[in-house]
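Notes follow the structure.
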Amino acid sequence: MAEPTEEGNLMNDAFAHWLEQNAEWISDFRQLRKKFIITRSISGLIALVSSISLAYLICRSKNGLSTTFHRLLIGLAVSNIIYSFAWSIFSVSVPQEMRYLIWGARGNQGTCDAQAFVIHVGALAGVSYNCSLCVYYLCVLKYSKVQKLIFKVEICSHVVSIGYPLLFGIVGLATKAFNPFGSICWVTAHNPPHCRLSDSQNGQLPDGFSIPCGRGEKVARAMLLLFNIPINFIGPAVIIFTMTVMYYYVLAIEKKTEKYHTNTILQLGSKRTEIEDNVPDNCWKCIILSCVKKTKNIFHKKQTSARSNSRRVLHRAFMYSAAYFLSYSFLLVGQYMTEADVHVPNAIWFLSTVFSPLQGFFNFLIYFHPKVLVVKNDRRSNLSWSQSIARAFFERERKTQSTGRSYGYKSAQHVNSPTKEDEKREDSDEGAEISPSPHNTNLPPTLASNNIAIANPQNTADVEDQNISEEFMNEGGV
């Protein structure tokens with residue numbers, strides 16, 4: 001039997017000699033890993049608090065869990081809570097026999113299995129719910145009247161998002177595919193330095209250690225492939241495809257609506273009543289020029305709004321895609337390089353430790369940012385950014401009785417209904433959008449009605465689709 005080392009484990013002579021020769025390198029490596037572990041845990045704690053905050057906002061929102069969107073989003077938040085928690089516990093779950101390399105290792109094989117199970121289940125559930133939200137909003141945008149389809153999408157989303165990650169985790173536990181991988185536990189074969197330096201064969205225990213060498217080697221690569229395919233290929237493909245389809249669909253709706261307004265003006269503008277025939281030509285030209293000028297202003301506003309709506313969808317798609325890629329890209333690059341026996345730069349590992357846990361934080365920002373803007377842009381209150389953030393987070397969103405749409409935020413003790421002054425103010429604002437300008441009261445009847453039709457095209461089927469796209473964008477994105 002060999003003499004015990006400072007770590008309290010009985011080593012064989014070859015490994016003890018290796019520790020003695022590489023003491024300086026091991027010390028530097030432990031210090032570097034310590035920095036990575038602390039950085040990763042801080043990111044995990046930030047993501048954990050953000051995901052809990054997201055779940056809090058969803059549960060106390062005006063719709064709660066009564067909508068499909070919120071039920072899918074709460075699933076994403078819960079999966080992010082699970083995933084970020086596993087990253088926030090430092091390295092206490094790593095088996096303590098790895099203390100000669102890993103700072104803070106205090107666990108055993110059981111804690112290692114638990115951490116790896118939670119990490120993989122949370123990651124797979126997160127990417128699945130991300131894809132589910134994209135598919136759901138695509139159905140809402142293009143097939144909003146088919147409620148059965150949306151219901152089926154939700155059921156399938158929950159089944160896949162919960163079933164596949166749990167099945168993967170159970171199989172990983174059963175096949176012993178979860179083992180220490182640096183300062184975390186991951187899908188990998190157990191082949192640390194003390195196994196490579198000792199005389200132990202795969203499946204045997206080196207002296208003073210409790211985990212067999214080569215544990216999980218037969219299934220590690222297959223399990224890693226089953227994990228990487230959804231994370232690295234299916235997830236990004238679904239997100240990019242659905243977001244692209246939604247963007248072009250909204251763009252087509254806006255072009256169709258603009259075309260309708262143009263045709264309406266051409267049709268109505270070519271008709272003249274008997275009263276208009278009696279108007280002198282000079283006066284008629286002045287009226288036409290005035291009406292055309294006001295019509296161009298209306299079209300300019302509507303075209304600007306249409307472009308703005310399309311850009312909002314495009315920006316939303318970009319933000320969710322960027323959040324997803326930022327969360328996983330560095331980790332997967334480092335993992336692939338390791339599997340290919342290529343040296344991984346420390347910068348790759350450091351970036352992976354920073355961004356891997358932060359998907360919950362990014363999702364919270366994407367969901368919360370529009371709500372803060374609603375409060376900040378409220379003309380009835382002049383709030384600073386800090387006040388707007390606090391009000392959007394702690395006060396409940398409410399609806400107006402007239403429109404049923406999101407109107408603003410009010411504290412919990414005053415949530416029941418908007419005041420009469422608020423309703424009058426909103427009615428006046430809405431009236432300003434659809435009523436003709438007071439300067440046009442002397443226009444001929446056809447042109448006056450034409451002006452109203454331009455500002456309030458409420459009788460077309462296209463407007464229903466436009467309202468759906470507006471609800472999509474106002475809801476907070478995917």
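Residues in segment 31-42 that are open to solvent by 10 Å² or more (accessible area, probe 1.4 Å) and hydroxyl-bearing (Ser, Thr, Tyr): 1 in all.
Please indicate, with yes or no, whether at least one residue in segment 353-363 is modelled with pLDDT of 85 or more and surrounded by fewer than 19 Cβ atoms within 10 Å (Cβ to Cβ). Explain how you work it out, then say what you get.
So in segment 353-363, the residues modelled with pLDDT of 85 or more come out as 353-363.
Retained after the next criterion (residues that are surrounded by fewer than 19 Cβ atoms within 10 Å (Cβ to Cβ)): 354.
The answer is yes; a qualifying residue exists.
Restricting segment 182-208 to residues that are surrounded by 18 or more Cβ atoms within 10 Å (Cβ to Cβ) and polar (S, T, N, Q), the residue that is farthest from residue 104 (Cα to Cα) is 200. Candidates 69, 29, 36, 90: the one that is under 19 Å from the mean Cα position of the chain (by Cα) and either farther than 23 Å from residue 120 by Cα or at pLDDT 90 or above (or both) is 69.
On inspection, residue 133 fails the criterion of being in a helix (DSSP H, G or I), surrounded by fewer than 21 Cβ atoms within 10 Å (Cβ to Cβ) and at pLDDT below 85.
Among 380, 391, which is loosely packed, with under 14 Cβ neighbours inside 10 Å, more than 21 Å from the chain's Cα centre (by Cα) and charged (D, E, K, R)?
On the way: 391 fails: loosely packed, with under 14 Cβ neighbours inside 10 Å.
Checking each option against the conditions leaves just 380.
For segment 141-158, state whether one or more residues are over 22 Å from the mean Cα position of the chain (by Cα) and open to solvent by less than 20 Å² (accessible area, probe 1.4 Å). No, segment 141-158 contains no residue that is over 22 Å from the mean Cα position of the chain (by Cα) and open to solvent by less than 20 Å² (accessible area, probe 1.4 Å).
Do the conditions hold for residue 93, that is, is it among the polar types (S, T, N, Q), touching a residue at least 60 places away in the same chain (Cβ under 8 Å), within 25 Å of residue 168 (Cβ to Cβ) and not in a helix (DSSP H, G or I)?
Taking the combined requirement at face value, the residue satisfies it.
Quick test for you: out of 231, 239, 211, pick the one residue that is buried (at least 18 other Cβ atoms within 10 Å of the Cβ), more than 28 Å from the chain's Cα centre (by Cα) and not in a strand (DSSP E or B).
Values: 231 fails: more than 28 Å from the chain's Cα centre (by Cα); 239 fails: more than 28 Å from the chain's Cα centre (by Cα).
Answer to the check: 211.
Here's the yes/no breakdown for (1) without any contact (Cβ under 8 Å) to a residue 24 or more places away in the chain; (2) among the basic types (Lys, Arg); (3) not in a loop (DSSP other than H, G, I, E, B):
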| residue | (1), (2), (3) |
| --- | --- |
| 52 | no, no, yes |
| 70 | yes, no, yes |
| 73 | no, no, yes |
| 83 | no, no, yes |
| 86 | no, no, yes |
| 89 | no, no, no |
| 103 | no, no, no |
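Under the condition of being under 19 Å from residue 39 (Cβ atoms) and either of a type in the set (Gly, Ala, Ser) or open to solvent by 10 Å² or more (accessible area, probe 1.4 Å) (or both), the residues counted in segment 56-86 number 3.
The values are calculated or read from the model by the stated rules, or taken from the named source; none is laboratory data. The model shown is predicted, which means the values in this text are computed figures rather than measured ones. All Cβ positions, even for glycine, are placed from backbone atoms using ideal geometry, and neighbour counts span all protein chains on display. Heavy atoms of the whole protein, side chains included, go into the accessibility calculation; ligands, DNA and RNA do not. Shrake-Rupley method; radii C 1.70, N 1.55, O 1.52, S 1.80 Å.
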